[in-house]
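**Q** Structure provided below as C-alpha cells; questions to follow.
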Amino acid sequence: RPPRSTLFPYTTLSDLWIRDAVCRARPIESVVLPKATKKAMLEDVDDFLSEDSWEFYQQHGIPYRRSYLFHGVPGGGKTSLITALAGKYGRNVAYLQACHPDLSDDNLMAAIRKAPARSIIVLEDIDGLFDKDRKKKCASSPLTFSGLLNALDGIGNPAGQIFVLRSEEHTSE
C-alpha cells in the first residue's frame, strides 16, 4: 500500500486543526529537483530525525525543531516536495495561511502547540507578511515578526516539529 498523508488545515474561526483529507503521498523519486538539492534536503531531514540529533538538542537545551523555506515560481514543486516528504517520513501535513487577518502572535503560538502529532507544519504565503527590512506588508495581519519567530522556535512548543515556510516567486510581466 502506498504511503498516505493526512491533511489538516487550520481554521482561525474555530481555532482548530480540522482533518480535511487523506491523500496518497507522492514518491520522493518523482519530485523534479536538482539531484544535489534533493539529496541535501533528504540528508538534512534524516539527520534531524536521527536519535543522535535528538540527544544533541536535549543535551544543549536547543528547541528540537527544524524550519525550511521553500521558495519558487508557482508550479515549481514546493507542494510536491512537501507531500513527498510527508509520505517518506510518515508525517501529516498541517497548513495555515500566514496572512490571515485573525492570526495574531498568540493564535499562531497556540495553533503550533495544538498541531497534530508528527506533522509538517506549512505556513503559506510567508512572503506576504514582511519585507526584507521586517516591515509589515500585510496590513490586515496582526502577526508580528517577533511573534512569527517565537512561534517557530519558542519555548513550550512540541518537540520534533518540521516547519515549511512557503513563498511564491512573483514575476513581473
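The values are calculated or read from the model by the stated rules, or taken from the named source; none is laboratory data. As the structure is a computational prediction, the values presented were derived from the model and not from experiment. Cβ sites come from the backbone with ideal geometry, for glycine too, and all protein chains shown count toward neighbours. The area values use the complete protein model at the heavy-atom level, side chains included, leaving out ligands, DNA and RNA. Shrake-Rupley method; radii C 1.70, N 1.55, O 1.52, S 1.80 Å.
**Q** So which residues in the range 1-10 are more than 16 Å from the chain's Cα centre (by Cα) and assigned to a strand (DSSP E or B)?
**A** ARG4
**Q** I've got another one for you. Would you check which residues across the range 72-90 are aliphatic (A, V, I, L, M) and within 18 Å of CYS23 (Cβ to Cβ) and list them?
**A** Within the range 72-90, LEU81, ILE82, ALA84, LEU85, ALA86 meet the criteria.
Residue-wise test of (1) touching a Cys at 6+ places or on another chain (Cβ under 8 Å); (2) among the aromatic types (Phe, Trp, Tyr); (3) under 25 Å from ASP20 (Cβ atoms).
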| position | (1), (2), (3) |
| --- | --- |
| PHE70 | no, yes, yes |
| ASN92 | no, no, yes |
| TYR95 | no, yes, yes |
| SER104 | no, no, yes |
| ARG118 | no, no, yes |
| ALA139 | no, no, no |
| GLN161 | no, no, yes |
| VAL164 | no, no, yes |
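Condition check ((1) open to solvent by 30 Å² or more (accessible area, probe 1.4 Å); (2) modelled with pLDDT under 90; (3) of a type in the set (Lys, Arg); (4) within 19 Å of the chain's Cα centre (by Cα)) across all residues:
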position: ARG19; (1), (2), (3), (4): yes, no, yes, yes
position: VAL31; (1), (2), (3), (4): no, no, no, yes
position: LYS38; (1), (2), (3), (4): yes, no, yes, yes
position: ASP47; (1), (2), (3), (4): yes, no, no, yes
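**Q** Next up: Report, ordered by the first and then the second residue, all pairs with beta carbons closer than 6 Å, sequence separation of six or more or different chains, a first member in the range 1-20 that is closer than 16 Å to LYS114 by Cβ, and a second member that is open to solvent by 50 Å² or more (accessible area, probe 1.4 Å) and assigned to a strand (DSSP E or B).
**A** What qualifies is THR6/VAL22; PRO9/TYR95.
**Q** Determine the pairs where a residue that is farther than 18 Å from ARG118 by Cα, located within the range 55-73, has a partner that is of a type in the set (Lys, Arg) and open to solvent by less than 70 Å² (accessible area, probe 1.4 Å) with Cβ atoms under 7 Å apart, the partner being 6 or more residues away or on another chain.
**A** That search, which allows pairs on different chains as well, returns PHE70/LYS78; PHE70/ARG166; GLY72/LYS78.
**Q** Among the numbered conditions (1) of a type in the set (Val, Ile, Thr); (2) at pLDDT 90 or above; (3) surrounded by 13 or more Cβ atoms within 10 Å (Cβ to Cβ), tell me where THR12 comes up short.
**A** Just one mismatch for THR12, condition (2).
**Q** Six or more apart or on different chains, Cβ under 8 Å: which pairs go from a residue in the range 132-156 that's over 20 Å from GLN97 (Cβ atoms) to one that's open to solvent by 70 Å² or more (accessible area, probe 1.4 Å) and modelled with pLDDT of 90 or more? Could you list them?
**A** Note: pairs meeting the criteria are GLY156/ARG113.
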